[in-house]
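In what follows, a structure is listed as structure tokens, so that the remarks can point back to it.
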Amino acid sequence: MLASIGCGPNRPVAAKVDPNQAREALDKVLAAWRDGGSPNDCRDWTPPIVVQDIDWTGGSKLLDFRVESEVARDANLYATVELTLESPEGGRSVRKIDYCVGTDPVLTVFRSYG
């Protein structure tokens, strides 16, 4: 009975993250932002990457980035990145942002909140 509700040995398990592929995806996405691309551009790549970042979609420019740390845990790579941003109004800031990067079933680069 327990197996029928998802507690048994046949329960689906998330695939482990491929840390090299995840880091490449993160670097590629951030470089695209820095170079003037949009998050939607990433969906047209081969393989496509789904991206979510509120500063990027809000019109901030990425002037520079540096990955400070990363750790592969279960299905995701968690990375802390120092971003140098220019707001739509022209103000500059340096911020440390956490990203969660997945590699299965699709490549994803999401800003972590929390």
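Values in this text are rule-based calculations from the coordinates and carry no lab data. Here the structure is a predicted model, which means the values were calculated and not measured. Backbone-built Cβ (ideal geometry, glycine too); neighbour counts: all protein chains shown.
Structural remarks
- Relative contact order (%) - the chain, alpha-carbon pairs under 8 angstrom, separation at least six: 26 percent
- Cα long-axis angle, helix 19-34 against the chain (0 to 90 degrees, to the nearest 10): 30 degrees
- For Val50, distant residues with modelled amide H under 5 Å away: Leu107, Thr108, Val109
- Note on Glu86 and Gln21: their simple-model spin labels are 3.6 nm apart, each label 7 Å out from Cα toward Cβ.
- In this simple spin-label model, placing a label point 7 Å from the Cα along the Cα-to-Cβ direction at both Ala14 and Phe110 gives a separation of 0.8 nm.
- Over all distinct Cα-Cα pairs of the chain, the Kirkwood formula returns a hydrodynamic radius of 15.2 Å.
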